[in-house]
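Have a look at the structure below, then the notes.
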Amino acid sequence: MQVIKTNLKEIFIELVKNSKEKIYLSSPFIKENIAKLIVENKKDWVDCKILTKFTLPNIRSWWLDLESIQYFTWKDFSVKNISNLHAKIFIFDNNIIITSANLTNWWFFKNLEYWVLFQNNSEIEKDFLNFYFDKNHNLVEEKHILKIKEIISKLPKIDKKEENLSLDENDIFLEDISLVKKSLSKWNLLTYECINKIWKNIFKTKDIYKYENLFKWKTPKNTIRRNLQELRDNWLLEFIEKWVYKKLWL
């Protein structure tokens, strides 16, 4: 184990360049120029996997650049969304880093950050891959990027200043939720309205089943579950665990 406190950017680039098999990165926040730095320095054949927090509040508050994710997908990186991600893990072949740093300009140029470097730690890599292959964590595709761009384009602008440290993505409130609702299908909107009737912020699927008579289908429970998944894909719900969701518009 080695603790690294200086020359982080230089060491990071060297690790990217020297990777021959895999680059696995977990970071809730990613900026476009850092994404390009990674792509420009990696070898073409290296397997690249990204875990990030691809949520509407995170993107709208400028902590996660949509352009960074789009650039990764264009360059054949596989990107998975974990809505409650906080872990920062960088894996370069047998070199594994646990850090306080996100893949942002603050890390490279301003913050005081620490790395703990391990070699040949199979447990950390196993954890990363377990998160990556968890079926509850969706692959981020071009259609998702275009959809969230459409939603954000209809919302009031937030000043894009990375120096604005008071802008916490967890505190972003969708004050214009009505604009987001307009992008929903008829049945998604009905599901949203039913969820709004549930007083709890975190609720279970069974809580919404009491409204199943409103869904004019032969299998209303199946329709509700499908709509919950689609609302999650529209960044209005966070999946907590099986049958449990959290509202993101409160």
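The values are calculated or read from the model by the stated rules, or taken from the named source; none is laboratory data. Owing to the predicted nature of the structure, the values given are computational and were not obtained by experimental measurement. Virtual Cβ from ideal backbone geometry, glycine too; neighbours counted across all protein chains shown.
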Residue count, the stretch 88-110, condition part of a loop (DSSP other than H, G, I, E, B) and either without any contact (Cβ under 8 Å) to a residue 40 or more places away in the chain or more than 30 Å from Trp243 (Cα to Cα) (or both), comes to 6
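Please list, ordered by residue number, the helices (runs of 4 or more DSSP H) wholly in the stretch 111-186 having 1 or more residues that are modelled with pLDDT under 70 and surrounded by 13 or more Cβ atoms within 10 Å (Cβ to Cβ).
Numbers: elements: 122-133, 142-153, 177-181.
Once the helices (runs of 4 or more DSSP H) in the stretch 111-186 are filtered for at least 1 residues that are modelled with pLDDT under 70 and surrounded by 13 or more Cβ atoms within 10 Å (Cβ to Cβ), what remains is 177-181.
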### Residue check for Thr6: more than 18 Å from Gln119 (Cβ to Cβ), hydroxyl-bearing (Ser, Thr, Tyr) and out of contact with any Phe, Trp or Tyr (no Cβ under 8 Å at 6 or more places or on another chain)
yes
Residue pairs qualifying under the 6 Å Cβ cut-off, at least six apart or on distinct chains, with the first in the stretch 223-250 being at positive phi and the second being outside any helix (DSSP H, G or I) and surrounded by fewer than 19 Cβ atoms within 10 Å (Cβ to Cβ), are Trp243/Lys204
Selection from the stretch 54-76 of residues in a loop (DSSP other than H, G, I, E, B), without any contact (Cβ under 8 Å) to a residue 40 or more places away in the chain and under 15 Å from the mean Cα position of the chain (by Cα) yields Asp65
